[in-house]
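First the structure, in the form of structure tokens, and then the observations on it.
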Amino acid sequence: MQLKGTRLEVNLEALAHNYHYLRSKISEDTKFMSVVKANAYGHGIVPIAQKLQELGTDYFAAAYVEEGVELRDNGIIKPILILHPQQHHLDLCIDRCLEPVIYSVEMLEAFTASAKAKQQQSYPIHLEFNTGLNRIGIDHKDVDNVLKKVSSSPQVKVRGLQSHLAASEDAAETVFTQRQIALFEEITTKVQQKLGYEILKHESNTSGILNYKNAHFTMVRSGIGLYGYGNDAQYDVHLKPIATLISNISQIRTIEAGETVSYNRKFVAKDQTTYAVIPLGHGDGVNRIYGYGKLKVRINGKSAPTLGVICMDMFMVDISAIEAKVGDEVVIFDPQIHTSRQMAEDAGTISYELLTGIQKRVPRVYLTHMPG
């Protein structure tokens, strides 16, 4: 099949490769949680989760209940952790058999009330403890209070404890990271003793998997690694970015010296300039930060920098030195030559932001062969 037009090509075999590589870094007894929040980091939550379930992942993680519902509605039967549940969706969380992360005393009380109203017994929850990221999480000083409330609430049962490493990809922060790990070990030991039964313990993200074996505990969580990035050059060579963003030329124009391109006349031609119009813009996730030459796309194997401001539905690139015609393919990023990480870093941001920002109006096409 010949593919045409704007699309995000997602390679499911590259996803499988990354899954197997990351899984090879943990023991056979350690469970693997696949993070598919934010539309699977922009790649498409349902096809990605279906492939990972086929591969044998033990758990899924989504950010919000709505994401978990979408997974359940599309054949995902593995346990689904909800990382940041909101109180107005707790009943739905229970209805769809999703496991909430309890990150505050208030959330514990609210969820227990919902579970009681729905006549639940021993509904599985995960407790999140803050060990230094200082985002969400139960403070160390509140451990006893939380355990007391859990013990007096037969409606819920702790299935897991979690925390989140703040800088596991940064070698300069090794001491801080080891302190986080030690604090999590201290908390989990105390909680395990008080509860009197075995629970899951998970703190490692992708960089934690790769850099801190002592933080693997009984389960690890991976997001960005599944999609091809290890946050370190030594690991990136073993991972395969799974996405290619492609469009095409919709129009070619030529202007003379002194004429301008795009809004607010920010690009002024010094010489006669030929440029191509590409039907992608900040309404699709190619944000305004990529204007003014900060993005260089590839057309017929040659580099073409952006001109002026990125528009909502299109942007322009200089093709004065490129032989091209309307309809020619335009590669915005790919796994081999110019990755989404490189594109993002060229504009001063990160691949996470670029990938998760690709809007749903960009069609996803799923491939089942390995990239060359």
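A few notes on this one:
- Residue by residue, the range 308-322 carries 3J(HN,Hα) couplings of x, 7, 6, 8, 5, 10, 6, 9, 10, 10, 7, 10, 4, 9, 10 Hz when phi is fed to the Karplus relation 6.51 cos²θ - 1.76 cosθ + 1.60 (θ = phi - 60°); x denotes Gly or Pro.
- Accessible surface of E186 - all protein chains present, 1.4 Å probe, nearest 10 Å²: 100
- The helix-only estimate of mean residue ellipticity at 222 nm for the chain, built from DSSP H runs of length n ≥ 4 each weighted as -39500 (n - 2.57), is -8500 deg cm²/dmol after division by the residue total.
- Counted by Cβ distance under 12 Å from S351, the other residues give a net charge of -3, where Lys and Arg count +1 and Asp and Glu count -1.
- When only Cα pairs below 8 angstrom with a gap of at least 6 residues are kept, the range 173-263 shows a relative contact order of 16 percent.
- A simple rule links phi to the HN-Hα coupling: the Karplus curve 6.51 cos²θ - 1.76 cosθ + 1.60 with θ = phi - 60°, which for the range 266-274 gives 6, 9, 10, 5, 7, 9, 4, 10, 9 Hz, with x for Gly and Pro.
- Accessible-area rank, largest first, for R221, R364, R265: R265, R364, R221, with all protein chains present and a 1.4 angstrom probe.
- Calculated from backbone phi, Karplus (6.51, -1.76, 1.60) coupling profile of the range 74-87 in Hz, x at Gly/Pro: 10, x, 8, 10, 5, x, 10, 8, 9, 6, 9, x, 10, 4
- Relative contact order, whole percent, for the range 307-352 stands at 17, derived from Cα pairs under 8 Å and 6 or more residues apart.
- Placed amide H near V156: partners under 5 Å, 5+ positions off or other chain: S122, Y123
- GNM result for the chain, Cα springs below 10 Å: residue of F184, F267, F111 fluctuating most strongly: F267
- Relative contact order computed over the chain (Cα-Cα under 8 Å; 6+ residues apart), in percent: 19
The values are calculated or read from the model by the stated rules, or taken from the named source; none is laboratory data. Keep in mind the model is a prediction, meaning the values are calculated, not measured. With ideal geometry, Cβ positions are generated from the backbone for all residues, glycine too; neighbour counts draw on all protein chains shown. Ligands, DNA and RNA are excluded from the accessible area calculation, which covers all protein heavy atoms including side chains. Shrake-Rupley method; radii C 1.70, N 1.55, O 1.52, S 1.80 Å.
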